[in-house]
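As structure tokens, the structure follows; a few thoughts come after it.
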Amino acid sequence: MSLLPVPKPDIALITDSSAQLTPELIQQYQVEVIPVTISLDGQDYQEGVDLDADKFYRLHQPGSDLSTSQPPPGLFVEAVERAAVAGATEVLAILVSSDYSGTVQSAKVAATQTSIPLHIVDTGTASFGVACCVIAAHEALEAGASVHEAIGAANQMSGKVESVFVLQGLELAGRSGRFQQVGLGGQSDRTDQSDPSDSTDEEEGIMVLWTGGGELEVVDTVFTTEEAVQAMASRALRDQVEIRVASSLAGPEMAPMSEGLDALLAANPLVKGFVHYRVGPSVAAQTGPGTAGIFYYPA
């Protein structure tokens, strides 16, 4: 991936592909993306290079052998050296939480091998939450901030960004360990349902989950798409403050839920910014294709 022009000529931004930045957002926020490796049924891919979301959902089947691995240090070294050639004197890497991935550790190894300083932010979050931290750092740099001030902006965003979502690939989520604190590991895998967005299983239901500030809560248990949409929107708007929203779409079967949530939020005057992104393979490998939700933070 070629390095794009940087928001401040001497400071370059990089992140990892689990941040789920779309090509348009990569261009807008001037960041280079280091790909996560996806292993799917014995074949290795690089997210965003030879495996995008659409291809992943075409290839993935119930029972597929699926795993991810962090980028090797060499990819970070190469990115930093490209930035140096382009004129940067420092590089800021804003990365997925070290609680979820070894990506931060790979970057730390790389930082001992680069010709210019590589600063690393362990965001403490994942998926588009990382992207929100990238956006905050970019906006700070555009306003003339130093690299350390941009790090502060990214860390501040990490403490503000929240997410509300549903998971229907609960077996994968439990296996990942990310959601065991609310007991999801014992739930059944719903990713192989023909239409999970219309679940009416009254015994299990679907948990609506919220994360923010390092906490995870079960907001509600719902049984229909409409109930899920309403529960997610209500949680995002609970504090009655203006917010910016990033709305996700995972597998195509989740489109009705994602579209319903988009429509409800877009009509609310408290929503002051709206972007859309696909749930790519590095995140879907942890949550399953049957997920929908939003990240949001104060406008």
*How many residues does segment 71-93 hold that are within 14 Å of Val36 (Cβ to Cβ), in contact with a Pro (Cβ under 8 Å, 6 or more places away or on another chain) and surrounded by fewer than 24 Cβ atoms within 10 Å (Cβ to Cβ)?*
1
*Count, please, the residues in segment 213-251 that happen to be in contact (Cβ under 8 Å) with a residue 24 or more places away in the chain, acidic (Asp, Glu) and in a loop (DSSP other than H, G, I, E, B).*
1
*Looking only at segment 81-98, which residues are in contact (Cβ under 8 Å) with a residue 40 or more places away in the chain and over 23 Å from the mean Cα position of the chain (by Cα)?*
Arg82, Ala83, Ala86, Gly87, Ala88, Thr89, Glu90
_Quick check on Val96: is it surrounded by fewer than 22 Cβ atoms within 10 Å (Cβ to Cβ), aliphatic (A, V, I, L, M) and under 26 Å from Asn155 (Cβ atoms)?_
no
_Test result for Glu78, free of Cβ contacts under 8 Å to residues at least 12 places away in the same chain, of a type outside the set (Phe, Trp, Tyr) and farther than 22 Å from Val283 by Cβ_ = yes
*asked:* Looking only at residues that are among the hydroxyl-bearing types (Ser, Thr, Tyr) and within 22 Å of the chain's Cα centre (by Cα) in segment 204-239, which one is surrounded by the fewest Cβ atoms within 10 Å (Cβ to Cβ)?
replied: Ser234
*Which condition number in (1) among the aliphatic types (A, V, I, L, M); (2) in contact with a helix residue (DSSP H, G or I) (Cβ under 7 Å, 6 or more places away or on another chain); (3) buried (at least 16 other Cβ atoms within 10 Å of the Cβ) is the one that Ala111 fails?*
(2)
*Is it true that Thr22 is surrounded by fewer than 20 Cβ atoms within 10 Å (Cβ to Cβ), closer than 24 Å to Ala246 by Cα and not basic (Lys, Arg)?*
yes
_Going residue by residue through segment 271-291, is there one that turns out to be farther than 29 Å from Ile38 by Cα and touching a helix residue (DSSP H, G or I) at 6+ places or on another chain (Cβ under 7 Å)?_
yes
*Within segment 35-44, which residues are in contact (Cβ under 8 Å) with a residue 60 or more places away in the chain and either surrounded by fewer than 20 Cβ atoms within 10 Å (Cβ to Cβ) or within 18 Å of Val104 (Cα to Cα) (or both)?*
Val36, Ile38
*Do you know which residues across segment 229-247 are under 16 Å from Val166 (Cβ atoms) and acidic (Asp, Glu)?*
none
*Set Phe274, Phe295: member being surrounded by 16 or more Cβ atoms within 10 Å (Cβ to Cβ) and in a strand (DSSP E or B)*: Phe295
*Could you give every pair whose Cβ atoms fall below 6 Å, whose first residue belongs to segment 55-73 and is touching a residue at least 60 places away in the same chain (Cβ under 8 Å), and whose second residue is in a strand (DSSP E or B), counting only separations of at least 6 or pairs across chains?*
Leu66/Leu40; Ser67/Ser39; Thr68/Ile38
*Could you run through segment 100-114 and say how many residues are modelled with pLDDT under 95 and closer than 19 Å to Ile151 by Cα?*
0
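The values are calculated or read from the model by the stated rules, or taken from the named source; none is laboratory data. Everything numeric in this text was worked out from a predicted model, so none of it was measured. Note that each Cβ is placed from the backbone with ideal geometry, even for glycine, and that neighbours are counted across all protein chains shown.
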